[in-house]
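The values are calculated or read from the model by the stated rules, or taken from the named source; none is laboratory data. A quick note: this is a predicted structure, and the numbers were derived from the prediction, not measured. So basically every Cβ, Gly included, is an ideal-geometry build from the backbone, and we count neighbours across all protein chains shown. Accessible surface is based on the protein model in full, side chains and every heavy atom, while ligands, DNA and RNA are left aside. Shrake-Rupley method; radii C 1.70, N 1.55, O 1.52, S 1.80 Å.
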Amino acid sequence: DHGDGADHDHDHGDPAEAGAFVMPESGRVFFVEPADGATVKSPFKVVFGVEEVGVNPAGELVANTGHHHIVINGGPVPVEQIVPADDNNIHYGAGQTETDLTLEPGEYTLTMQLAAGIHRSYGEKFAATIKVTVE
């Protein structure tokens with residue numbers, strides 16, 4: 001029975017259950033394109049840049065990595081808050097580093113938000129915001 005007790009103790013600290021959310025210590029995210037203030041034609045290419053952090057698919061909790069989201073006409077998602085999934089919050093859960101975005105003509109604020117494998121946001125430190133005009 002001794003081995004049985006040890007197994008129970010071992011299972012107690014299941015990291016998946018704890019949702020091991022760890023903020024990266026350094027790094028940043030940025031838009032490679034389009035440039036802030038750019039006028040674009042829809043669909044337009046968006047390229048995500050990262051420094052000192054990695055990009056991997058959603059679902060995997062790997063320290064110092066995450067996946068991208070675009071928040072349309074909204075700001076950064078607070079730290080550890082789940083990034084919503086709706087028309088204004090686009091998830092790139094396959095680990096994409098670029099995309100083509102289709103928007104109606106008008107002025108937009110685009111915020112790129114890096115979030116952990118379980119969609120929990122890394123907050124403002126790992127967000128970047130630009131304004132674009134769609135012709």
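Taking 0.36 nm per residue of sequence separation and subtracting the Cα-Cα distance, how much length would be gained by fully extending the chain between Glu107 and Lys45, in nm to one decimal?
Gain on extension, Glu107 to Lys45, equals 20.7 nm.
Antiparallel versus total DSSP beta bridges in the chain: what percent is that, nearest 5?
90 percent
Please give the helix 2-12 orientation as an angle from the longest Cα principal axis of the chain, in degrees from 0 to 90, rounded to the nearest 10.
20 degrees
If I stretch the segment between Glu52 and Arg28 completely, what's the gain in nm (0.36 nm per residue apart, minus their alpha carbon distance), one decimal?
Gain on stretching Glu52 to Arg28: 7.9 nm.
Hey, what's the chain come to in accessible area per residue, 1.4 Å probe, Å²?
Per residue, the chain has an accessible area of 56 Å².
If you take the Cα Rg of region 66-135 and divide it by 2.2 N^0.38 Å, with N the number of residues, what do you get?
1.05
Distance in nm between label sites at Lys125 and Asn88, each 7 Å beyond Cα in the beta-carbon direction?
2.7 nm
Can you tally the net charge around Lys45? Count Lys and Arg as +1, Asp and Glu as -1, for every other residue whose Cβ sits under 11 Å from the Cβ of Lys45.
-2
Which length gain, in nm to one decimal place, applies between Thr99 and Val62 when the Cα-Cα distance is subtracted from 0.36 nm times their residue separation?
11.0 nm
Averaged over every viewing direction, what's the projected area of the C-alpha convex hull for region 16-101? Give it in nm², one decimal, please.
One quarter of the hull surface, i.e. the mean projection, equals 6.2 nm².
Over the chain, what percent of the accessible surface lies on carbon and sulfur atoms, probe 1.4 Å?
49 percent
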